[in-house]
């Protein structure tokens with residue numbers, strides 16, 4: 001899996017996410033969010049070449065169960081998972097190194 005361009009409103013269930021094997025990045029935000037749009041070059045730079053990382057972009061908002069289960073408050077929020085367990089969280093990344101360091105720390 002590699003970089004995903006658009007947020008989907010078809011979010012996976014929390015139980016499904018908890019069962020994922022390997023390294024995954026859950027990205028919460030919306031397609032119309034300025035902060036989300038501004039962070040995309042950094043996110044793409046790190047995730048596009050990483051076929052070993054599952055990237056799932058989830059459209060978030062009030063009442064969205066997956067975002068609430070992770071207590072997401074600001075967009076974009078990237079949650080790095082290893083075998084379904086949260087190991088890092090990056091809120092409103094301002095450069096690619098933040099994301100790269102989070103992924104490097106779990107390998």
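Read the figures in this text as sums done on the coordinates, not as results from a lab. Everything numeric here is computed off the predicted structure, so don't read it as measured data. In this analysis, Cβ positions are derived from the backbone assuming ideal geometry, glycine residues included, and neighbour counts consider all displayed protein chains.
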17, 87 arranged by Cβ crowding within 10 Å, fewest neighbours leading: 87, 17
Antiparallel %, DSSP beta bridges [both residues in the chain], to 5: 60
Segment residue 45-residue 105, length gained on full extension (0.36 nm per residue, minus Cα span): 19.9 nm
Report relative contact order for segment 14-105 in percent, whole number only (criteria: Cα-Cα under 8 Å, sequence separation at least 6). 40
Where the centroid of each part is defined by its Cα atoms, how far is segment 19-43 from segment 79-107 in Å? 11
